[in-house]
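This report concerns only the one structure given below.
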Amino acid sequence: MKNGLLLVCLLFGLTVFSQNGTIKGKITDKLSEKPLQGVIIVLVNSENNTSETDENGNFTLQNVPIGRQVIEISFAGYENSSVPNIDVTSGKDVFLTIALTEKFNQLEEVVIKSDNNKAKAINKMAAVSTRQFSVEEVNRYAGGRSDVARLVANFAGVSTGNDSRNDIVVRGNSPAGMLWRIEGIPVPSPNHFSTLGTTGSPVSALNPNMLANSDFLTSAFPAEYGNAISGVFDLSFRKGNKDNYEFTAGIGAYPGVEFVSEGPMGKNQGSFLVAGRYGIAGYLGGSGTGAAIPNYNDVSFHLDFGKTKLGNFTLFGIAGFSNIEFLGKDATDEDLFSAKDANQKLNSDFYSVGLTHKVATGNNSFLKTTIGTSNSLNSYEEDRLFDIGTPTENKIRYTESDNQENRITVSSLFNSKINRNFTIRTGVLFELFNIDFNLQDRFKQTDANADGFEDFNTIYQTKGHYTILQPYAQAQIRLSEKLTLNAGLHGQSFSVNNQFVLEPRTSVTYKVNSNNTINLGYGLHHQNVPAPILFQNENIGGNLVQTNKNLDLVRSNHFVLGYDVKLADKWRGKAELYYQNINNAGVENFASSYSTLTEGSDFGYSTDKTSLVSNGKGKNIGIELTIEKFFSKGYHALVTTSFFESKYEGSDGIERNSPFNNKYTINALGGKEFKVGKSKRTILSFDGKITTSGGRFYSPIDLVASQNAGFQVNDDANAYSKQYDAYFRLDLRTGIKFNSKKRKQSHIFYCEIQNVTDNDNIFVSRYNRLTNQVNRIDQIGLFPDFGYKFQF
C-alpha cells in the first residue's frame with residue numbers, strides 16, 4: 001500500500017483552466033465589534049476593483065484573479081489596514097472578518113497603516129504569548145495531518161515529539177493543563193480515542209473546514225480564561241456562505257472521506273455550514289495500530305439565523321465517535337499499543353452543542369450569551385491471557401472502565417467601548433458537571449483471595465455532580481498612541497473542595513516605533529487536579545473513601561517579557577522570556593518522587609495515588625525565538641526555537657526533570673508556490689518541514705523488581721533521570737490546485753512524505769512481561785500521506 005501511494009504521488013498531474021473568484025467579508029470596530037458602514041476596500045494591483053461596506057459591514061469584491069491577493073482598507077477616523085495572502089480559487093468564495101482600530105487621536109494627520117496578520121491575536125485583550133492561526137495554515141503546512149493541534153506544534157514554546165498522539169506540551173507543562181474552547185465555552189477533548197481527563201489523542205475530531213481564524217495562547221491569559229495553567233485553544237467556527245450554496249468533497253489518509261455543505265438559510269441573511277468525515281487511516285497502515293483497524297467519524301455544524309429584532313442567534317455543535325479492538329493473536333513486540341497476552345477494546349464518544357445569542361445594547365456595546373451542553377464517554381475492557389499456548393491457557397477480565405462526564409455550561413459576556421481609548425469586558429462562566437466514573441483493575445493489586453491472580457478491585461466509583469463558577473472583569477486602556485494597558489481580575493470557585501480564588505491578570509504593550517514593540521505580562525492561574533486523580537478510592541477500614549477530594553487548586557504564576565520587531569516587509573521577529581512558578585500540586589504524604597504535575601505523559605492516569613497532599617512545586621523557565629516570513633511573492637517561511645527547563649519537586653523535596661522537559665525544540669518550515677499553465681493561474685506548491693527536539697526524560701526500569709512483580713516497576717528514587725534520544729523528522733509536501741474555466745469548481749490535490757529519512761524516533765522503553773526484558777518501541781516510520789478536495 002505504501003509503495004502504491006508513493007507511485008500516486010509521483011504520477012499525479014492534470015491541466016485545466018481557471019476562472020476568477022470572489023472575496024467577501026465583514027468589517028467591524030476592533031474593540032466594540034460594531035459593523036462599520038462606508039469602509040472602502042481596494043483590490044491591490046487591479047484596476048477599478050473596489051467595494052464599500054453596507055450598513056451591516058459587509059462587502060463583496062467580484063472578478064478577483066485566481067491566486068494570492070492583497071486588499072487595502074481605509075475608513076475615516078481609523079487606521080488604514082491591509083490584508084495580504086488571500087488565497088482565491090474558482091471553487092469557493094473567500095470570506096474575511098476584518099477588525100479596524102480607531103485612531104488614538106482623530107485630529108492627527110499622519111496616516112497609520114497596519115497589516116492584519118497572524119502575529120496579532122483576535123482577542124483584543126490578549127497581548128502576550130498569543131498566536132493567531134488560520135485554516136489555510138492547517139491545510140498548507142507539511143506533516144499537519146489536517147490537525148490543528150499538530151499545527152500549533154510549529155509555534156515557539158510548543159512541543160509534541162510524538163507521532164502517535166497530538167498532546168500539546170506548552171513550555172514544559174503537562175498537556176492536562178490545556179483548556180479547549182469552541183465558540184467561547186469550554187469543551188471536552190475534541191479528539192478521537194481520548195480517555196478520561198486527557199486533552200490529546202492519536203486523531204483529531206476537529207474538521208479544519210469548519211474553523212475560522214482562531215487564537216492559541218501559551219501564557220498569562222486574559223481574565224476571561226480560567227481553570228488552565230498550560231495553554232488555551234480558543235477556536236471559532238466560521239459562518240457558511242450566506243449568498244450561494246457551496247460544497248466540498250474530499251479524501252485524505254488521516255481526515256478520511258469528508259463532505260462539507262454550506263449556503264444561505266432563512267430570510268435574515270443567515271447561513272448554514274455542515275461537515276462530516278469518516279476515517280480511513282487504519283486501512284492504509286499509517287495509524288501505528290498494527291493489525292487493528294481504528295474506526296472513527298465526526299460531524300460538525302454551525303447555523304447562523306441572521307440578524308433579527310431580538311439579536312443574532314447561532315447554533316453550533318461537534319460530535320465524534322471512535323472505537324478500536326486489539327487482539328493478542330495479532331500483536332507483535334513492535335506494536336505501539338497492543339500486547340500478545342491481552343485483548344483490548346476501546347470506545348470513545350463525545351459531543352458538544354451550544355446556542356449563542358448576541359445583541360447590541362448601545363452604539364458601542366453588546367451582550368453575548370451562550371448556553372451549551374457536552375458529553376464525553378469512554379470505556380475500556382481488557383482481558384488478560386495467561387499461560388498462552390499451554391493446556392492451562394485461560395482468560396480473565398483484567399481491567400474494566402466506563403466513564404461518562406456531562407456538563408451544562410452558561411457563559412455571558414458584556415463588552416462596551418466607552419470611548420476610542422477605553423474598553424471594558426466583564427462576564428461569568430458557570431459549569432455544572434454530572435459524572436459517572438467507574439474503574440476496576442487488577443494492576444498492582446494484592447491477591448487477598450489467594451487464587452493466583454491480583455484481585456479485581458474498584459479503583460474509583462463515583463456518581464454525582466460538581467460546579468465551577470468563574471466571574472471575571474477586564475479592561476483595555478490606550479494610555480497613549482504607543483502605550484496600551486490590559487488589566488483584569490478572574491475568579492474561580494470549585495465546589496469539590498469549596499475553594500475560591502482571585503487571579504489578577506495584566507499586560508502592557510509599548511510601541512517603541514512602527515517596527516519595534518515591547519510586551520510585558522503577568523497572570524495568576526489555577527486549575528483543579530485531574531478528575532481521575534481527584535476521585536480515586538482508598539480502602540480505609542473496609543470502606544472506600546475518596547481521600548483526594550480536598551486537594552487545593554494547583555496554583556501557577558506566569559511572568560512574560562516579549563519583544564516584536566519588523567525585520568522587513570512581511571518579515572517579523574519575536575523573542576519571549578518566561579518564568580512560571582507552580583505550587584499546590586498533589587504529592588504523596590510520605591517521601592516520594594510522585595507529583596500530579598507528571599500526569600498526562602501517558603494514555604491514562606495513575607490508579608494508585610491516594611491520600612495526596614497539596615505540597616508539590618514546579619517551575620518552567622525558557623526563551624523562545626521566532627522568525628517568520630508571511631506569505632508573499634510566492635513563498636513563506638517560519639523558524640521557531642525554544643530553549644527551556646521544566647522541573648518539579650515531589651514530597652521528597654528533590655528537584656527533578658519533568659517528563660515534558662525536552663530542553664529544546666526547533667522547527668523550520670517553508671514553502672513556495674508557482675503559477676503554471678498558459679493562464680498562469682494553476683498553482684503548484686512545494687512545502688517542507690524539519691523538526692528536532694530533545695528527548696523526553698523518563699524513569700529507569702528496575703528490571704529485577706519488574707521480573708519479580710510481573711509488571712513494570714520503575715526506579716522511583718531516580719525518577720525522570722534518563723533521557724530518550726533526540727527526536728528528528730523531515731516532512732515534504734507537494735500540491736496542485738486546478739480551477740474550472742466555465743464552472744464554479746476547483747480541484748486540490750496534495751501528497752506528502754512524512755518522516756522522509758525514516759528516522760527511528762523512540763516511542764517508549766517498556767518492560768515486556770512475556771519475555772521478561774525491556775524492549776524499545778519506535779514511532780511510525782516513513783509514511784506517505786495524500787489528499788484530494790473537490791470544491792463546487
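Each value in this text was obtained by applying a stated rule to the coordinates, not by laboratory testing. What you see is a predicted model; the values in this text were computed from it and never measured. Note that we place each Cβ from the backbone using ideal geometry, even for glycine, and neighbour counts take in every protein chain shown.
Work out the FRET efficiency for ILE371 and ASN419 from their Cβ-Cβ distance, taking R0 = 22 Å, and round it to the nearest 0.05. With R0 = 22 Å, the Cβ-Cβ based efficiency is 0.10. For SER642, neighbours were defined as the other residues whose beta-carbon sits under 10 Å from its Cβ, and their charges (Lys and Arg +1, Asp and Glu -1) total 0.
For ASP330, the shell of other residues with beta-carbons less than 13 Å away shows a net charge of -3, using +1 for Lys and Arg and -1 for Asp and Glu. Inter-part distance, region 668-699 to region 405-477, computed on C-alpha centroids, equals 39 Å. The label point for ASN268 and the one for ASP54, both projected 7 Å from the Cα toward the Cβ, are 1.6 nm apart. Here region 662-718 is treated as a Stokes sphere of Kirkwood radius computed over C-alpha pairs; at 4 °C and 1.567 mPa s its diffusion coefficient rounds to 80 µm²/s. Specify whether the C-alpha gyration tensor of region 667-778 places it in the rounded, prolate or oblate class, a ≥ b ≥ c being the square roots of the eigenvalues: rounded for a/c under 1.5, otherwise prolate if a/b is larger than b/c and oblate if not. Prolate, because a/c is 1.5 or more and a/b exceeds b/c.
Listed values for region 518-529 are Karplus-derived 3J(HN,Hα) couplings in whole Hz (6.51 cos²θ - 1.76 cosθ + 1.60, θ = phi - 60°), namely 10, 10, 9, x, 9, x, 9, 9, 10, 8, 6, 4, and x replaces Gly and Pro. Can you compute the FRET efficiency between ASN583 and ILE654 using 1/(1 + (r/R0)^6), with r the Cβ-Cβ distance and R0 = 25 Å? Round to the nearest 0.05. So, using R0 = 25 Å, E works out to roughly 0.95. Segment ASP330..VAL359, full-extension length gain: 4.7 nm, with 0.36 nm per residue of separation and the alpha-carbon distance subtracted.
Restricting region 646-709 to trypsin sites (Lys or Arg not before Pro) that sit in a DSSP loop and have at most 12 other Cβ atoms within 10 Å of their own Cβ leaves LYS678. Helical content alone sets the calculated 222 nm signal of the chain at -1000 deg cm²/dmol, taking -39,500 (n - 2.57) per DSSP H segment of four or more residues and averaging over every residue. Backbone geometry of region 631-639 corresponds, through the Karplus equation with coefficients 6.51, -1.76 and 1.60 at θ = phi - 60°, to 3J(HN,Hα) couplings of 4, 6, 6, x, 8, 9, 7, 8, 10 Hz, x marking Gly and Pro.
For region 150-203, the calculated P(r) over all alpha carbon pairs, in 5 Å bins from 0 to the bin holding the longest distance, is 4, 20, 28, 28, 16, 3 percent.
For PHE221, no residue whose modelled amide H falls within less than 5 Å of its own remains once neighbours fewer than 5 places apart on the same chain are excluded. Residue ranges 55-67, 381-393 sort as 55-67, 381-393 when ordered by packing (mean number of other C-beta atoms within 10 Å per residue, highest first). Checking (i) -0.33, -0.61; (ii) -0.67, -0.88; (iii) -0.38, -0.68 against the coordinates, the calculated log10 I(q)/I(0) by the Debye sum over Cα atoms at q = 0.06, 0.08 Å⁻¹ falls under label (iii). Under 5 Å from the amide H of VAL529 lie the amide H atoms of VAL554, each residue being 5 or more positions distant or on a separate chain, with H modelled from the backbone and absent for Pro and chain starts.
Taking Cα atoms only, the orientation of helix 2-11 departs from the longest principal axis of the chain by about 10 degrees.
Ordering SER236, ASN80, THR641 by Cα displacement along the dipole of the chain toward the positive end leaves ASN80 in first place; charges were set at the Cβ atoms of Lys, Arg (+1) and Asp, Glu (-1).
Residues in region 480-487 carry Karplus couplings, in order, of 7, 4, 9, 10, 10, 10, 10, 9 Hz; the curve used is 6.51 cos²θ - 1.76 cosθ + 1.60 with θ = phi - 60°, and Gly or Pro positions show x. Measuring r between the beta carbons of ASP778 and ILE408 and using R0 = 41 Å, the FRET efficiency lands at 0.40. Under 5 Å between amide hydrogens, built in the peptide plane, is the criterion, and for ALA253 it picks out PHE786 among residues at least 5 positions away or on other chains.
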